[in-house]
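Reading through the structure tokens given below for one structure.
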Amino acid sequence: MKFNSNFMGHNGKEELERIENEVSPQKKNITSKVNSPIIPILGELSFVTDENLYKEIVKYLDKTFTNKKDTFSNNLKFKDSVMKGSNTYIATAVDMYLKSINSEYRLANQLDLEQNLDFTKGTYNDSGLALRNLVGYNKNQAAYLFEQIKKLGKTEKDFPIWFNLRGLNLDSNLNFNLTPESFYKTSECLNWQSGTKFSKVKLNFQK
């Protein structure tokens, strides 16, 4: 997932910096290097270029999400010395795997990607999702996610809400679950009138 540097009159980099700084003190998965228990905003970016790591990721996906290969491992491949293939579920699950092995790398968040546009040029990267409403064919997923933030004081008036995929957990029903690491924020910059840069599903996984 990747913003253009300037879209609909908004500077993507500046908007994402503004959103995340309000918090108190080809498809490829991009990871970001983490050097402390508290995940920093920025990190060293890297693709998955180790085929053995790729195989371990596939093994984890097949074991953790049984009978869901069409969503996960069937969409991944190791080609040209890099792991290719991504969707919102894969990206979240890869982050879950990296966390489970205490890796120094985690899934890159959107601001990581915006800080190094040359590195991500020509690639498609999933780093977050936007919750816009509670209707559509995946309304149950949207409602499940919304109920979690509703308990924390959010209402539908706060839509659209941006979630970093890093720090979310998927359950066996492919629902997104908040963790103590989760980052989410009302994101006015997602209120652009044009929907051309967003997928058409109602949970709206931003592209």
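Which residues in the stretch 144-175 have a backbone N closer than 12 Å to a point placed 7 Å from the Cα of ASN67 along the Cα-to-Cβ line?
Label zone hits: 173.
Using per-residue counts of other Cβ atoms within 10 Å, averaged over each peptide, order 63-70, 51-58 from highest down.
Result, highest mean Cβ count within 10 Å first: 51-58, 63-70.
Using a simple spin-label model with points 7 Å from Cα along the Cα→Cβ vector, what separation in nm is obtained for TYR124 and ASN175?
Each label point is offset 7 Å from its Cα along the Cβ direction, giving 2.9 nm.
Tell me, in nm to one decimal, what length is gained between THR186 and THR49 on full extension, where the rule is 0.36 nm per residue of separation less the Cα-Cα distance?
The THR186-THR49 span can extend by a further 45.9 nm.
Taken together, the values in this text are just the output of simple stated rules run on the coordinates, not laboratory data. Keep in mind that what you see is a predicted model, and the values were worked out from it rather than measured. Ideal geometry is used to build each Cβ from the backbone, glycine not excepted, and the neighbour counts take in all protein chains shown.
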